[in-house]
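Structure, as structure tokens:
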Amino acid sequence: MRLGELFIEAGFPGGVFNVVTGGPDIGEAMVAHPGIDKIQFVGSGPTAKKVLRNAAETLKPCGLELGGKSAVIIFADADLQEAAKRGLSGAISANGQGCVNGTRLLVERPIYDRYLQMLSAMAGHISIGDPLEQSTNPGPVISQAALTRILGIVTTAVKQDGCRLVAGGERLGGERADGFFLPITIVADVDNHAGIAQHEVFGPVLTVTPFDSEEEAIALANGTAYGLGGYIHTQNLRRAHHVASQLDAGMIHVNGSGEGMTAVRAVRRREAERLWRLGGEAGLHEFLRVKNVWVNLAKPAAAVTLLEGESR
């Protein structure tokens, strides 16, 4: 809504940029309307399939953003304190409600226990509260339904999949009890086939899985249906380049946590993740239509007078 106000303040003509709020009925009307040339949808896979089915009636092209499960690979030679801080950002940024967040931490076994200790200690110092307060890092999740769903995923991981709860996992009490607040939650010893490792939680939840070799780390990182982002922590430049080349993702950060999310990233297409590209020249082409104009000159080419400064 604020963006819409800024467009007005900037002097854009009416109708160039429109903000339309509403529920599913608004979305369905936009998808079905023949006057709308393209749909860019952000949401779940099942809803995306419905969007595509409805858009087929008018042969309307669609771009889909369907989430992510980005892996963060921490090798034993990494700066552990920095890697722990960066690892937490997957749960802190937008309170874990971001498609590119690194929420699946893969840690080399020799540093696994030490990294978990550092991660949980840092998580305990995160200030959670009113997002309008300067001291707040994450705020609440989006709704009661989201909070219930997230807690259910964590409970299933611990009770059914044999994972270990290291931090969080319960709704905040006290003065935050009436809100949709969940502390940073860390679930360790997660098998890559567990539901919590394969499906986007979309909340302040991190999973941690050990690995023993570079090859295993790559296999684990690529072992989901998603391919949006990837994060690598190492001081070995050769390893950084090799692992980055092997990760099936469109945005890779080495010793970082998302600082480069600017209009220069093109995201690879993968079935359950994206059906379009965002950022850079590739992203601009998503919103362009090519037009070829052929002009047959009435006179032979040799008889055409060249403009001043133009070469034959």
| remark: One point scatterer per Cα, no solvent, Debye formula: log10 I(q)/I(0) for the range 93-223 at q = 0.12, 0.20, 0.22 Å⁻¹ comes out as -0.45, -1.19, -1.39
| message | Can you match P(r) over Cα pairs in 10 Å bins from 0, in percent to one of these, [x] 5, 22, 28, 21, 12, 5, 3, 2, 0; [y] 6, 24, 29, 25, 12, 4, 0; [z] 6, 28, 37, 23, 6, 1, 0, based on a calculation from the structure here? | response | [x]
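Kindly rank 46-55, 17-26 from highest to lowest mean number of other beta carbons found within 10 Å of each residue. Spell out each step's value before the answer.
Values: 46-55: 15.4, 17-26: 9.2.
Ranking the peptides 46-55, 17-26 by packing returns 46-55, 17-26.
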| query | Using +1 on the beta carbon of Lys and Arg, -1 on that of Asp and Glu, and nothing else charged, what's the dipole of the range 1-96 about the Cα centre, debye to 20? | reply | 280
| said: Filter the chain for me: DSSP H helices, axial length by Cα at least 20 angstrom, mean Kyte-Doolittle hydropathy not below 0.5. List them by residue number. | reply: 144-159
| task | Give me the distance in nm between label points sitting 7 Å out from Cα along the Cα-to-Cβ direction at ARG176 and ILE26, one decimal. | result | 3.0
| query | For labels at ASN236 and PHE7 in the simple 7 Å Cα→Cβ model, what's the distance in nm? | reply | 5.0
| query | Mind listing the Cα extents of the range 1-138 along all three principal axes, in Å, largest one first? | reply | 58, 36, 23
| Based on the mean of other beta carbon atoms within 10 Å per residue, what is the order of 117-130, 186-199, most packed first? | 186-199, 117-130
| What shape does the range 29-86 have by the C-alpha gyration tensor, where a ≥ b ≥ c are the square roots of the eigenvalues, rounded means a/c under 1.5, and otherwise prolate means a/b greater than b/c and oblate the rest? | prolate
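With the other protein chains left in place, how much accessible area per residue, in square angstrom, belongs to the chain at a 1.4 angstrom probe?
Per residue, the chain has 57 Å² of solvent-accessible surface.
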| query | Ordered by packing density, taken as the mean number of other Cβ atoms within 10 Å over each peptide's residues, highest first, how do 208-219, 100-111 rank? | reply | 100-111, 208-219
| task | Assign unit charges at the C-beta atoms only (+1 for Lys and Arg, -1 for Asp and Glu), then state the dipole size of the chain relative to its Cα centre in Debye, rounded to the nearest 20. | result | 800
| field | Globularity index of the range 117-177, i.e. its alpha-carbon radius of gyration over 2.2 N^0.38 Å | value | 1.26
| query | How much of the accessible area of the chain, probe 1.4 Å, is carbon plus sulfur, in whole percent? | reply | 55
| said: Just want the answer: with Cβ charges of +1 for Lys and Arg and -1 for Asp and Glu, which residue in PHE75, LEU237, GLY27 is farthest toward the dipole's positive end in the chain? | reply: GLY27
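The values are calculated or read from the model by the stated rules, or taken from the named source; none is laboratory data. All of these numbers come straight from a predicted model, not from anything done at the bench. We place every Cβ from the backbone using ideal geometry, glycine too, and count neighbours over all the protein chains shown. When the accessible area is computed, the model is the full protein with side chains, heavy atoms only, and any ligands, DNA or RNA have been set aside. Shrake-Rupley method; radii C 1.70, N 1.55, O 1.52, S 1.80 Å.
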